[in-house]
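Encoded as structure tokens, the structure appears first; notes follow it.
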Amino acid sequence: MPEATPTLTVAGLKSLENATGRAFTALLVVKKLAVKTASNGNPFLSADLGDRTGSFGCTIFSDNPGFDALKTAGEGAVVRVEGKVDHYQGRLSPKLARVTVVPESELGAAGMIENLVEVAPEDAAALWAEFNGFIAGLSHPELRATVQAVFDEIGETFRWAPAAVAMHHAYRHGLLEHTVHMARAARALLPLYREVDADLALAGVLLHDTGKALEYEGTLATKRSRRGILQGHVVLGYQLARKAGIKARLDAGRLERLEHIILSHQGEPEWGAAVYAGTPEAVFVSMVDNLDAKMGMVQRALRQAGAGDEFSERLPGLSTQLLMRPVQ
């Protein structure tokens, strides 16, 4: 009797050494899917597939038996794939032989969703309690009321949302984790910079990415919503803060500065900022955001590292590979 093909996670696939050509099966989420055209005019699919342990990219040409199934399934679908281990430019890029869409009726099986959806490593309930503590700690009454009003509106969505589609904290509760990490860092750093209004800066930290709760949608795979495409999270967050600030009767000067933090926190116009940071608080929040975004990439890469990995794959947000082994 032939040996059964093993069912592997993405982490399991990436941990295989000298395994090119080895057959496998895997249960995966279609995270990204794009139809492209080759130089010979034939269509092919560029896909990112993953589970809670990681993801990989692969190319599926039109003569592949899995092409039609994957194209029909679309982003967010759960698929069972059969294929062989392969690599491209040093990265896992399996050759898929068969793709079967898993019907929704089967997704309720014990542990299935939990095995497919990557979540923040910290406890979400504890993060949310800590987050609300930061709101309660704001000393300016109208500023505190402004922040509270935003989360009264979007809090449940914010708790579950990722912080990005792919770059950093791109998993369930990632937006909450990223914001709490920033608030922790801000609280530690603010005593060093007396020129920064601490209450305003911390309020800016808590609100800077709130537009992402509206920018992204999807249960198993994250994609940008209609509003996210047409307006983007910077503008959406500005709108949330302005509405809440007016409702809370926040004075015009503080509201202007709070709005400016949100509009400028991305740092550079090519990264999505509406303007460059032009107040002490906005510069501070932008730098803390950049710090935690990059360290979030580092932390995730280290969590997903295989036992024998010396370097990660190239991380676009860092423009390099990451040395995975600790200091000896």
> Using r as the Cβ-Cβ distance of A125 and A38, and R0 as 41 Å, what FRET efficiency do you calculate, to the nearest 0.05?
Replying inline: 0.25
> What full-extension length gain, to one decimal in nm, is calculated for I229 and R184 as 0.36 nm per residue of separation minus the Cα-Cα distance?
Replying inline: 13.1 nm
>> Here is the link list: K31/K294; K243/K294; K31/K95; K36/K84; K31/K71. Which ones come out longer than 19 Å on Cα distance?
In response: K31/K294; K243/K294; K36/K84
>> About the Cα centre, and with charges only on the beta carbon of Lys, Arg (+1) and Asp, Glu (-1), how big is the dipole of region 10-112? Nearest 20 debye, please.
In response: 240 debye
>> Taking amide H atoms as placed 1.01 Å from N in the peptide plane, list the residues 5 or more away in sequence, or in a different chain, whose amide H sits under 5 Å from that of T25.
In response: T7, L8
> Computed FRET efficiency, Cβ-Cβ of E153 and R91, R0 45 Å: what is it to the nearest 0.05?
Replying inline: 0.65
> Modelled label-to-label distance, T100 and R80, 7 Å Cα→beta-carbon offset: nm?
Replying inline: 0.3 nm
> When the helices in the chain are scored as -39500 (n - 2.57) per DSSP H run of 4 or longer and the sum is shared across all residues, what 222 nm value do you end up with, to the nearest 500 deg cm²/dmol?
Replying inline: -13000 deg cm²/dmol
> How large is the Kirkwood hydrodynamic radius of region 124-303, in angstrom, based on all distinct alpha carbon pairs?
Replying inline: 16.0 Å
> With r defined as the distance between the Cβ atoms of R303 and R194 and R0 fixed at 25 Å, what FRET efficiency is calculated, to the nearest 0.05?
Replying inline: 0.10
> Fewest to most neighbouring Cβ within 10 Å: what's the order for V285, V234?
Replying inline: V234, V285
>> Just want the ordering: E259, E310, from fewest to most Cβ atoms lying within 10 Å of their own Cβ.
In response: E310, E259
> From the residues G272, A213, A301, which one has its Cα farthest along the dipole of the chain in the positive direction, the dipole being from +1 and -1 charges on Cβ of Lys/Arg and Asp/Glu about the Cα centre?
Replying inline: G272
> About its Cα centre, what dipole magnitude does the chain give when the only charges are +1 on Lys and Arg Cβ and -1 on Asp and Glu Cβ, stated in debye to the nearest 20?
Replying inline: 400 debye
> What list of ³J(HN,Hα) couplings, whole Hz, do you get for region 225-238 from phi and the Karplus terms 6.51, -1.76, 1.60, once you set θ to phi - 60° and write x for glycine and proline?
Replying inline: 6, 4, 5, x, 5, 7, 10, x, 5, 5, 5, 4, x, 4
> So how do 142-150, 268-276, 37-45 stack up, highest first, on mean other-Cβ count within 10 Å?
Replying inline: 142-150, 268-276, 37-45
> What aspartates and glutamates sit close enough to K14 to cross-link, taking a C-alpha to C-alpha distance under 19 Å and skipping anything fewer than 8 places away on the same chain?
Replying inline: D48, D51, E82, D86, E118, D309, E310, E313
> Once the piece of chain linking N132 and K247 is laid out straight, how much longer is it, given 0.36 nm per residue of separation minus the C-alpha distance between them?
Replying inline: 39.4 nm
> Relative contact order (percent) for the chain, with alpha-carbon contacts under 8 angstrom and 6 or more residues of separation?
Replying inline: 13 percent
> Which value, in debye to the nearest 20, describes the size of the charge dipole of region 124-303 about its Cα centre when Lys and Arg Cβ atoms bear +1, Asp and Glu Cβ atoms bear -1, and nothing else is charged?
Replying inline: 420 debye
> Classify region 10-112: rounded, prolate or oblate, from the alpha-carbon gyration tensor (a ≥ b ≥ c, eigenvalue square roots; a/c under 1.5 rounded; otherwise prolate if a/b is larger than b/c)?
Replying inline: oblate
> Along the charge dipole of the chain, which of L127, L13, M324 sits closest to the positive end, that is, farthest toward it, with unit charges on the beta carbon of Lys, Arg, Asp and Glu (+1, +1, -1, -1)?
Replying inline: L13
>> Strictly greater than 24 Å: what percent of every Cα pair in region 210-328 meets that?
In response: 43 percent
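Every read-out reported here was derived from the displayed coordinates using simple, explicitly stated rules and does not represent laboratory data. Predicted, not measured: the structure shown is a model, and the values here were computed from it. All Cβ positions, even for glycine, are placed from backbone atoms using ideal geometry, and neighbour counts span all protein chains on display.
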